[in-house]
Amino acid sequence: MDNLKIISNEDLNKIAESRIGEKKLHQALNHLSNSADLLNKINDPLIEFVLFGIKEDIGIRANKGCPGAKETWDLVLKNLLNIQSNEFLNGSNILILGHLDFSNLYSSHHSTDQEKLLKTYRKQVEKIDQSVNQLVYSIVKAGKTPIIVGGGHNNAYGVIKGCALALKTKINTINFDAHTDLRIQEGRHSGNGFSYAIEEGFLDRYFVFGLHENYISKKMFKYINTSKSKIKFQTFENLIVRKKTSLKKASKIAMKFLSESKFGIEIDCDAIENIPSSAQTPSGFSVNQTREFTHFFGSNENALYFHICEAAIVNSEKVNEQTGKLISYLITDFIKSKKAK
């Protein structure tokens with residue numbers, strides 16, 4: 001599989017922590033012995049969830065955003081692999097692949113011409129799309145549930161395309177986000193993954209949950225209004241500031257809109273208050289509200305995939321540790337939700 005760097009025993013041993021009398025997740029979950037074992041392993045009937053990271057922030061750079069999401073996967077691994085394996089989540093039905101590595105693309109990022117550099121980024125995102133699409137296609141084709149940690153929100157396009165091609169039908173998506181990511185098709189970047197997915201026939205219904213009113217342009221309103229009711233949203237201000245609609249009611253409305261077909265769950269960390277991200281916000285959903293959202297939508301039988309993106313590395317070990325812990329909570333909340341039907 002293109003660009004897939006598997007997590008090895010050596011990698012696990014570097015990350016793993018052990019304590020007498022306890023069993024940690026890294027001791028229970030499954031991983032590949034080599035890349036050639038991928039298709040055989042994902043077809044194992046005992047495997048339900050396939051987890052991998054995407055180490056890039058080129059899509060964010062291509063959208064003129066703040067980079068820093070490239071190393072988020074490593075943060076998550078450090079936290080996730082060292083949680084307890086117990087009756088709530090034992091890990092035996094999880095396959096951890098490793099990550100899609102795009103470090104080779106960064107060597108060409110030396111131009112001082114910003115327009116030229118932007119074009120380079122956007123062409124490289126197309127290469128990233130292809131690798132994400134191929135891997136997700138293989139996972140969904142095998143009947144498993146992909147869990148993806150990015151990386152930029154540009155990767156939503158490759159995830160959606162891979163799912164749609166595997167299922168041979170359009171899918172739906174809910175996006176927990178402060179932004180629509182429906183910007184014009186000006187070359188691939190983190191702000192237009194859903195635009196491309198809709199235009200190319202991979203995404204059918206799309207719901208943006210928690211959209212910030214300060215970042216919706218008139219042009220975007222017009223685009224949504226002409227979507228023939230295929231795109232809907234609920235603003236953060238209606239939910240949290242004015243409280244015109246409760247989170248529970250808004251979630252049920254979104255679920256009704258999406259869940260007659262297979263749908264994906266997108267979590268953009270830009271929507272979570274004070275979480276370091278490509279567009280960090282001082283006003284957003286709380287961590288616990290985000291966890292509730294994940295559980296609610298994950299528990300539906302048509303929930304197809306789970307994608308977390310846009311969290312960023314900062315110059316603070318304590319903050320990075322908390323971000324890794326947050327994403328680990330969301331991953332385990334999603335997996336546990338499947339037992340709560």
Subject >> Selection count where residues are under 19 Å from residue 214 (Cβ atoms), touching a residue at least 60 places away in the same chain (Cβ under 8 Å) and aliphatic (A, V, I, L, M), scope region 228-273 >> reply: 1
**OP:** Answer yes if at least one residue in region 81-94 is over 25 Å from residue 180 (Cα atoms) and in contact with a Phe, Trp or Tyr (Cβ under 8 Å, 6 or more places away or on another chain), and no otherwise.
**Re:** yes
Original post:
If we scan region 110-121, do we find a residue that is more than 30 Å from residue 48 (Cβ to Cβ) and within 16 Å of the chain's Cα centre (by Cα)?
Top reply: no
**OP:** Evaluate the following for residue 297: is it at pLDDT 95 or above, under 27 Å from residue 65 (Cβ atoms) and either under 17 Å from the mean Cα position of the chain (by Cα) or part of a helix (DSSP H, G or I) (or both)?
**Re:** yes
Original post:
From the set of residues in region 300-313 that are crowded, with 24+ Cβ neighbours inside 10 Å and not in a strand (DSSP E or B), which is modelled with the highest pLDDT?
Top reply: 310
Original post:
Counting only residues that are part of a loop (DSSP other than H, G, I, E, B), among the hydrophobic types (A, V, I, L, M, F, W, C), in contact with a strand residue (DSSP E or B) (Cβ under 9 Å, 6 or more places away or on another chain) and farther than 30 Å from residue 107 by Cα, how many does region 11-70 have?
Top reply: 5
**OP:** Residues being over 25 Å from the mean Cα position of the chain (by Cα) and at positive phi: count how many of those fall in region 199-245.
**Re:** 2
Original post:
So is residue 207 crowded, with 16+ Cβ neighbours inside 10 Å, in contact with a Lys or Arg (Cβ under 8 Å, 6 or more places away or on another chain), in contact (Cβ under 8 Å) with a residue 40 or more places away in the chain and not aliphatic (A, V, I, L, M) or not?
Top reply: yes
Original post:
On the given criteria, is residue 316 of a type in the set (Ser, Thr, Tyr) and crowded, with 17+ Cβ neighbours inside 10 Å?
Top reply: no
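In region 314-341, what count of residues is obtained for those that are touching a residue at least 60 places away in the same chain (Cβ under 8 Å) and not in a loop (DSSP other than H, G, I, E, B)?
So the answer is 13.
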**OP:** Starting from residues that are of a type outside the set (A, V, I, L, M, F, W, C), surrounded by 16 or more Cβ atoms within 10 Å (Cβ to Cβ) and not in a helix (DSSP H, G or I), keep the ones in region 246-269 and report whichever is farthest from the chain's Cα centre (by Cα).
**Re:** 259
**OP:** Hey, could you check region 103-148 for residues that are over 19 Å from residue 189 (Cα atoms) and charged (D, E, K, R) and say which is surrounded by the fewest Cβ atoms within 10 Å (Cβ to Cβ)?
**Re:** 141
Original post:
If you go through region 270-289, how many residues are within 21 Å of residue 191 (Cβ to Cβ) and in a helix (DSSP H, G or I)?
Top reply: 2
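The values are calculated or read from the model by the stated rules, or taken from the named source; none is laboratory data. Since this is a predicted model, take the numbers as computed values, not measurements. Cβ: placed from backbone, ideal geometry, glycine included. Neighbour counts: every protein chain shown.
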